[in-house]
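The values are calculated or read from the model by the stated rules, or taken from the named source; none is laboratory data. Fair warning: this is a prediction, and the values are worked out from it, not measured in the lab. As a convention, Cβ positions derive from the backbone with ideal geometry for all residues, glycine included, and neighbour counts pool all protein chains shown.
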Amino acid sequence: MTMETTVEVLKKRIQDAFNQGTELNLSPEEVETLALLVFPNGFGMTTGEILDSGFIGAWAHRDDIEDGAIYAEQLRREIEERKK
């Protein structure tokens, strides 16, 4: 997948999660891509600092999502289906 495709998929996932009020689980690679989108000229934080910032897992209190990894995979599949 090209960087441009990755960025477009990530933007769509973020927008969908925001619109639906759902949790968005990001891999470390996706966090780095997001950081490049938000701070294209750098921002002085490491991936670890971003992961520790509270941004990731902001919806951890959601009791309607039993397994974040399974939920994230379901969202990925739904996005891929919509693209077809």
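Quick notes on this structure:
- Yes/no for SER53 being surrounded by fewer than 13 Cβ atoms within 10 Å (Cβ to Cβ), under 13 Å from the mean Cα position of the chain (by Cα), among the hydroxyl-bearing types (Ser, Thr, Tyr) and modelled with pLDDT of 75 or more: no
- Scanning the range 1-19 for residues that are within 19 Å of ARG77 (Cα to Cα), touching a helix residue (DSSP H, G or I) at 6+ places or on another chain (Cβ under 9 Å) and either at pLDDT 80 or above or assigned to a helix (DSSP H, G or I) (or both) yields THR6, VAL7, VAL9, LEU10, LYS11, LYS12, ARG13, ILE14, ASP16, ALA17.
- Counted residues, the range 61-81 - those being exposed (fewer than 11 other Cβ atoms within 10 Å of the Cβ) and among the small types (Gly, Ala, Ser): 1
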